[in-house]
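The values are calculated or read from the model by the stated rules, or taken from the named source; none is laboratory data. Since the structure is predicted, the reported quantities are computational estimates derived from the model, not experimental observations. Neighbour counts run over all protein chains shown; Cβ positions are idealised from the backbone, glycine included. Surface areas here come from the heavy atoms of the whole protein model, side chains and all, with no ligands, DNA or RNA. Shrake-Rupley method; radii C 1.70, N 1.55, O 1.52, S 1.80 Å.
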Amino acid sequence: MRILIKGGRVIDPANTVDEILDLLIEDGKIIQMSRNVSGDTLHSTGRGKSSKGSKSQTNGIGPIDRAMDATGLVVCPGLIDMHVHLRQPGREDKETIASGTMAAARGGFTAVCCMPNTDPVNDTRAVTEFILDAAKREGAVQVYPVGAITKGLKGEELAEIGELFEAGCVAVSDDGRPVMSAELMRRAMEYAAMFDLPVIQHSEDLHLSGRGVVHEGFVSTDLGLRGIPSASEAVMVARDLLLAELTGARLHIAHVSAAESVRLIREAKTRGVRVSCEVTPHHLALTEEAVHGFSTHAKMNPPLRSEADRQALIEGLRDGAIDVIATDHAPHTVQEKEQEFDQAPFGVIGLETALAVTLTTLVHPGVLTLSQAMGKFTSEPARILKLPKGRIAEGADADLTIFDPTREWEVDAGAFASKSRNTPFHGWRLKGQTVATLVAGKVVWEAS
Amino acid sequence: MGLAGKDLLSMRGLTVDEIRLILDTAESMKEVARRDIKKVPALRGKTLINLFYEPSTRTRTSFEIAGKWLSADVINISISSSSVAKGESLKDTGLTLQAMHPDVVVIRHPSAGAAEFLARRLAASIINAGDGAHEHPSQALLDLFTIREKVGRLEGLKVAIIGDIAHSRVARSNIHGMQKMGMEVRVAGPRTMLPRFVERLGVEVFTNLDRAIAEVDVIMMLRLQTERQQAGLFPSLREYSRLFGLTVERLKAAKSNVLIMHPGPINRGVEIAPDVADGPYSLILNQVENGLAVRMALLYLLAGGGQTG
């Protein structure tokens, strides 16, 4: 199978490429990348369309099966979401590996890392292998499992991290829960460092969070909802930065939400602590104000915080304190979310809106360059997880995302590939939409 | 002239004119309540459901009597909050009730936003009788009514609300209602019970009782939930009472004719001394009596044809 992607604006943050280039793909790899690969004999059927069927003969490169005209479109390394919940095994009513990876493909993601808080928990080789097998059979995109730090996510004993690593886990995390014991976190870091695996922490001091359901700020005071203070996150970030310094291990802070955390991480990076972190699109686009009206689609953990926090997150993305944008895609059923605010589960889905929300709220207003933004979705997660992905080069895997940065569309949760509908962006008009997603040279999703 | 919405969910959502209308209507209702035969046909053929997810004596009884004096059929449903988790969802309970065509559903629920949740899904008028720590508008309305009745006006009066502001729906509703009616509101309590950024509600904040009650016209004491001690919010009843309990001695810091209010039920000897609760300036029993008139007014305005929109 040979595919030619022609005339697109190729953005590859890993190699600081941003120019109009053609890409020739064969057997799942990019084999040629240059200006005007095909000469002018290729007939195309218009912008974003492609010619299929009979093989076209082109100058110098031999026959191709398909030509995709990417004029006016961006072609970038396939997006990597290092923080999703696919819910399989155990909660297939919320999401499955098939539906979650199709949602990923629609959103322009070619790889996702699935968190271990499934049922059973991914704390053994058997569960990791189950996920990888299912992903191979039914997955639209590449799936990289994240293994548990502790058995059953209970925070008591280490999981068999060595075996999880051998089975294919790319990181360990007790996500959804923090490792509350500082001693156990220290040992987890030391142990994971033997395999150079990043330890991903859901940073939250459960005592400070108490039974909180929203950010502790003016909105929580106004609405009488129990608050989760920013310090609940930042206290844990501070502790773990010290432990990362002590152990020399690699720490990754999941879904940073508070200005204090960004400040601590930035400072630690200047001292050479091996820390990285991620932020979600919803924390970049929304604040605690979204909770007015008691909308449970504005309920997630960490909570939406203040406008000052949101600005600090954006600044962190700009100056590199924050490495990655990841969705924390957390599917829940309609009936679970259609409850009293404090009874509903935490979490929102994000795979099918992440790119467009980022483009709309950060790139189009000029806060981040397109290349900066795409780096947070591609080269940066690949670097942290040591994945052979996230770049465009001759010989590299043809995991590619083609999107129209200016196409406007209205979010309709009812049309999602995800099984769940719990998005805070339903009804939003966004600018920027995926046109096609290729995994190993195969088109796994394409706009009709 | 009537209420704009089908529901009464919050004081924040009421206009000054709507508050005045409710208070004025309550004045006529109070006259009914003092008749020998306390029954008017205003809500004959109408159905009122009291849906209580938290134990309550005074509020539930008050709505029940108010409904009966207006000739409505009143049904009480009590659901213990401990059974909520295993029981029917609020949505399903709401839809089930809706199928029985009630005209008004009065709901008390431990979750903030629960009344609004029902209001969005039911055609019936919803009255919020307390949703978590969010709002308790009928309490604030009866408090305003009581102050206005006693002083003759609301505008320009100063009030100090004392106690666990963080967990109090009574405080939130009163802050909004009193400010709308031109009153100046202070709050005071242990720092652990004052919610973050409470000053942004437009109130003056104190942690010293004497300073908080100086120069105010009304002191409103809040009930202390004694289980807050286990949560680490105060060290002991003894110390709470010493720092924030209202006694005759402490009242020397206040105006000599200051009015004392409490939404009840009171912890005698904790937040309020017995001789203050029973003293000459205590309005605590007036509040209870006026609660009937205000709730009759609400039921009448929402279900008795006093609605415009």
Checklist entry - With each pseudo-label sitting 7 Å past Cα toward Cβ, what's the residue A:181-residue A:335 distance in nm, one decimal? => result 3.8
Checklist entry - What residue among A:415, A:259, A:249 shows peak mean-square fluctuation when chain A is described by a Gaussian network model with Cα springs under 10 Å? => result A:415
Checklist entry - With every protein chain in place, what's the accessible area of residue B:176 (1.4 Å probe, Å², nearest 10)? => result 20
Checklist entry - Got the relative contact order for chain B handy, in percent, Cα pairs under 8 Å and 6 or more residues apart? => result 23
Checklist entry - Put +1 on the Cβ of every Lys and Arg and -1 on every Asp and Glu Cβ in chain A; which of A:141, A:387, A:25 then has its Cα farthest towards the positive end of the dipole? => result A:25
Item to check | Lys, Arg +1 and Asp, Glu -1 on Cβ, resulting dipole of chain A about Cα centre, debye, nearest 20 | outcome: 1000
Next on the checklist: Take residue B:210 and residue A:16, extend 7 Å from each Cα along the Cα→Cβ direction, and tell me the distance between the two endpoints in nm.
Outcome noted: 6.9
Checklist entry - Roughly how big is the range A:135-258's charge dipole about its Cα centre, with Cβ charges of +1 (Lys, Arg) and -1 (Asp, Glu), in debye to the nearest 20? => result 200
Checklist outcome for this item: Per the rule of 0.36 nm per residue minus the C-alpha distance, extending residue B:100 to residue B:196 adds in nm 30.3 nm
Checklist entry - For the range A:419-429, in order, what is each residue's ³J(HN,Hα) by Karplus, 6.51 cos²θ - 1.76 cosθ + 1.60 with θ = phi - 60°, in whole Hz (x at glycine and Pro)? => result 6, 9, 10, 7, 10, x, 9, 4, x, 6, 8
Checklist entry - Could you give the nm distance between label points at residue A:245 and residue B:80, where each point is 7 Å from its Cα heading toward the beta carbon? => result 5.2
Checklist entry - Which GluC sites (Glu not before Pro) does the range B:60-136 hold that lie in a coil by DSSP with at most 16 other beta carbons within 10 Å? => result B:88
Item to check | Two-decimal Rg/Rh across the protein assembly as shown, once Rg and the Kirkwood Rh are taken from alpha-carbon atoms | outcome: 1.07
Checklist entry - Out of A:15, A:122, A:422, any idea which swings most in a Gaussian network model of chain A, alpha carbons joined below 10 Å? => result A:15
Checklist outcome for this item: Here the gain from full extension of residue B:68 to residue B:285, 0.36 nm per residue of separation minus their alpha-carbon distance, amounts to 76.0 nm
Checklist outcome for this item: Between the residues A:361, A:111, A:70, the Cα farthest towards the positive end of the dipole of chain A, that dipole coming from +1 and -1 charges on the beta-carbon of Lys, Arg, Asp and Glu, is from A:70
Item to check | Distance histogram in 5 Å bins (all Cα pairs of the range B:204-272, percent per bin) | outcome: 3, 16, 27, 25, 18, 7, 2, 0
Checklist entry - Along the Cα-to-C-beta direction of residue B:16, a point sits 7 Å from the Cα; which residues of the range B:129-155 have their amide N less than 11 Å from that point? => result B:155
Next on the checklist: For the range A:323-435, what are Rg and Dmax over the alpha carbons, in angstrom?
Outcome noted: 15.9, 53
Checklist outcome for this item: The answer for GluC sites (Glu not before Pro) in the range B:193-223 that fall in a DSSP coil and have at most 15 neighbouring Cβ atoms within 10 Å is B:215
Item to check | Estimated translational D of chain B in µm²/s (Stokes, Kirkwood radius over Cα pairs; 37 °C; 0.692 mPa s) | outcome: 166
Next on the checklist: Counting only helical runs of four or more DSSP H residues, what would the 222 nm mean residue ellipticity of chain A come to if each run contributes -39,500 (n - 2.57) and the total is spread over all its residues?
Outcome noted: -8000 deg cm²/dmol
Next on the checklist: Can you tell me the length gained on complete extension of the stretch residue A:151 to residue A:231, counting 0.36 nm per residue apart and subtracting the Cα distance?
Outcome noted: 26.1 nm
Checklist entry - Among A:324, A:258, A:300, which residue has its Cα positioned farthest towards the positive end of the charge dipole of the range A:232-341, with +1 placed on the Cβ of Lys and Arg, -1 on the Cβ of Asp and Glu, and the dipole taken about the Cα centre? => result A:324
Checklist entry - With contacts defined as alpha carbon pairs under 8 Å and 6 or more residues apart, what's the relative contact order of the range B:224-309 in percent? => result 26
Checklist entry - How high is the FRET efficiency between residue B:252 and residue B:58 when r is their beta carbon distance and R₀ equals 30 Å, given to the nearest 0.05? => result 0.45
Item to check | Between helix A:230-247 and chain A: long-axis angle, C-alpha atoms, 0 to 90°, nearest 10 | outcome: 80
Item to check | Computed magnitude of the charge dipole of the protein assembly as shown (debye, nearest 20; Cβ of K, R +1, Cβ of D, E -1) | outcome: 1320
Checklist entry - Computed FRET efficiency, Cβ-Cβ of residue A:166 and residue A:92, R0 25 Å: what is it to the nearest 0.05? => result 0.40
Next on the checklist: Could you tell me the calculated FRET efficiency between residue B:230 and residue B:153, based on Cβ-Cβ distance and R0 = 51 angstrom, to the nearest 0.05?
Outcome noted: 0.75
Checklist outcome for this item: In deg cm²/dmol, rounded to the nearest 500, the helical mean residue ellipticity at 222 nm of chain B, built from -39500 (n - 2.57) for every DSSP H run of length 4 or more, is -11000 deg cm²/dmol
Checklist entry - Which residue fluctuates the most in chain A, going by a Gaussian network model with Cα springs under 10 Å, if the choices are A:251, A:284, A:370? => result A:370
Checklist outcome for this item: Taking Cα pairs closer than 8 Å and at least 6 residues apart, the relative contact order of chain A in percent is 19
Item to check | Percent of beta bridges antiparallel (DSSP, the protein assembly as shown, rounded to nearest 5) | outcome: 35
